[in-house]
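Below is one structure, written out as structure tokens; comments come after it.
The values are calculated or read from the model by the stated rules, or taken from the named source; none is laboratory data. All of these numbers come straight from a predicted model, not from anything done at the bench. No Cβ is skipped: glycine too gets one built from the backbone with ideal geometry, and neighbour counts run over all protein chains shown.
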Amino acid sequence: MTNHQDPASLLSRRRLLGLGASAGSSLLLGGCALNGLSEQVGQISEPLNQRLEALLQGRGPVPEFRPDQVDPEALLINSFNGTPRLDPGSYRLRVEGLVNRPLQLDLAALAALPQQSVTMRHVCVEGWAAIVTWSGVRLADVLNLAEISPLGGYVEIESADQYFESWDRASAIHPQTLLATAMNRAPLPVANGAPVRLATPIKLGYKLSKWVTRLRVVSSLGVRRGTWEDQGYEWFAGL
């Protein structure tokens, strides 16, 4: 991806986000943890947020940043249940559910697919952000390889630390949504989700699962929507 960030072209988008942030900064869920207002905020704002965020995403690729704008020190590390250490030699990414070709992909198989890089702003709901270059394979390419069914409207994501997420299909196949195996042109560190994590400029940080081990394509959202979403966080969480 070489569509570098143009501040003028992002004025309307950033203004919308800024208005949302200023209106709800005292309510923004307390960060990557949880606070008592999250459920009420989610119930009030989620339907409108989903429509607005889907509209913004439908405009196409998000403008990216230049490599010299990367700030490695700004990316903070959050973990849900400690830091799992997966053996790269035995790692397999399982792709199951509503697909014609269930997959178990090792790291060599992922590396054999077309590789992409996205230099994006990683935004955490607790109020910090960092410009990062993520590299890996498009999630869309993996789903295409598995021959995702037309009935598959959502993707459930499981991680080695028991973190759980679910995404809508359109966000999963967005051209800038990656299964990242590298960060800032170097191998992905364990603390940041190695061997495989999600990365995209169209979602807030809590949607970007680390240590991803399983993708399951489903037709509808289940009882579980996400580790934090089930406790009140907004499900769509778009930028």
Practice task
Quick one: count up the residues across the range 181-197 that are within 13 Å of the chain's Cα centre (by Cα), over 16 Å from residue 95 (Cα atoms) and either assigned to a strand (DSSP E or B) or at pLDDT below 95 (or both).
Solution key: 0
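Got a sec? Which of 203, 210 is modelled with pLDDT of 95 or more and buried (at least 24 other Cβ atoms within 10 Å of the Cβ)?
It is 210.
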Practice task
Collect the residues in the range 86-106 that are buried (at least 18 other Cβ atoms within 10 Å of the Cβ) and within 30 Å of residue 64 (Cα to Cα), keeping them in residue-number order.
Solution key: 93, 95, 105
Fill in the blank from the handout: Residue count, the range 91-118, condition over 15 Å from residue 139 (Cα atoms), assigned to a strand (DSSP E or B) and among the hydrophobic types (A, V, I, L, M, F, W, C), comes to 0
Problem - Failed item in (1) in a loop (DSSP other than H, G, I, E, B); (2) farther than 20 Å from residue 204 by Cβ; (3) at pLDDT 95 or above, with residue 82 passing the rest - result: (3)
Exercise for the section: For residues that are in contact with a Lys or Arg (Cβ under 6 Å, 6 or more places away or on another chain) and farther than 25 Å from residue 189 by Cβ, tally how many sit in the range 130-153. Expected result: 3
Practice task
Would you please name the residue that is farthest from residue 94 (Cα to Cα), looking only at residues in the range 198-239 that are touching a residue at least 60 places away in the same chain (Cβ under 8 Å) and of a type in the set (Lys, Arg)?
Solution key: 224
Problem - Unmet requirement for residue 172, which otherwise passes all of (1) in contact with a strand residue (DSSP E or B) (Cβ under 6 Å, 6 or more places away or on another chain); (2) under 23 Å from residue 86 (Cα atoms); (3) of a type in the set (A, V, I, L, M) - result: (2)
